[in-house]
Every structure is written in C-alpha cells, then in structure tokens.
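One structure below.
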Amino acid sequence: MTARPTPLTPRATRRGILAAGVGLLGLALTGCFSTRSDIPTVAAAMQSAVEKVPEYIRGTVHFQDGFSQGTVINAIITVNTTTREETAQVLRAMLEAMIGAYVEQPNARKASVLVEAHQEDDRNARVKAIDVIDSAESANVSTDDLKQEFGL
C-alpha cells in the first residue's frame with residue numbers, strides 16, 4: 001500500500017504562498033539596497049583621466065550603474081592621430097588611464113567597457129576597446145579584462 005499525499009488545505013496553501021512572497025521580497029530588497037557607485041563622481045574621474053592623455057581632442061565618458069541595464073562604461077573619443085595604429089595606441093593609453101581612475105572609486109563593480117576612438121578627420125576608422133584588449137569572457141571588454149591587462 002502506498003501512502004497518498006496529503007491534500008493541501010487552504011491554510012497550508014496560504015502559508016506556502018506567504019513564504020514564497022517573503023522570499024521574493026527579500027531578494028528584491030537585497031538588490032534595491034545594495035551599494036552602487038556614485039555615478040557622477042565615477043564618470044568625472046574617468047573623464048579627467050582620459051583628458052590627461054595628450055592626444056585627446058573631445059568626447060565624453062559615460063557611466064551607468066543600474067539594476068536592469070547593468071554597469072557600463074562607454075565613450076566615443078576623438079583623438080589627434082593620423083593612422084589607425086596610432087589611434088589604437090592612444091586608445092590603449094586612455095583605457096589604462098580610465099581603469100586606473102575606476103578602481104580607485106568606492107563600490108566599483110565589474111563593468112562592460114564600450115569605448116571607441118577615432119581620428120578627427122575620419123570617424124569611420126574607429127578603433128574599439130575589443131580591438132586593443134583581449135576579453136576573457138565575452139565579445140566586449142570588461143573592467144576585469146582591463147585590470148588584468150594593466151596589472152591592477
């Protein structure tokens with residue numbers, strides 16, 4: 001003779017639903033109250049670092065640290081170079097300056113790095129971060145990749 005499962009009573013069902021709801025609420029609140037970076041401060045620090053590279057002409061470093069979109073650093077920077085190879089070297093120097101500023105920020109989390117540079121007279125000859133830094137995990141460079149590349 002096999003034992004029959006005990007039918008769920010309304011009281012047991014309510015308890016199960018309540019427990020599941022409390023668990024989900026706890027997960028949601030953990031995400032809401034986790035420490036995030038000070039977005040304007042982090043962006044300003046990286047912008048300042050990029051502007052110190054002598055070949056920098058213009059471009060803004062953007063930083064977002066959110067729940068749905070994740071943590072991302074992006075920029076399209078115009079540089080004073082004449083060849084694609086020079087642009088790649090300058091982008092590499094800028095990425096090193098950016099990661100140096102980024103790791104000094106409190107609560108800096110792993111971020112995708114979507115940074116590009118181009119010559120002033122040729123916007124179509126863009127060099128992307130992935131062109132100068134190998135990514136260990138994906139098709140995009142991360143701050144972890146930059147830390148490893150530059151020994152931070």
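No lab work stands behind these numbers, since they all come straight from the coordinates. None of the values given here were measured: they were computed from a predicted structure. Here the Cβ positions follow ideal geometry from the backbone for every residue, glycine too, while neighbour counts run over all protein chains shown.
Here are the numbers for this structure:
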{"quantity": "Residue-span extension gain [GLU51 to ASN124] - 0.36 nm each, minus C-alpha spacing", "calculated": "24.1 nm"}
{"quantity": "Cα centroid separation - the range 104-152 against the range 37-80, whole Å", "calculated": "11 Å"}
{"quantity": "Around GLU120: net Lys/Arg minus Asp/Glu count, Cβ-Cβ under 13 Å", "calculated": "-1"}
{"quantity": "Lys, Arg +1 and Asp, Glu -1 on Cβ, resulting dipole of the range 39-149 about Cα centre, debye, nearest 20", "calculated": "280 debye"}
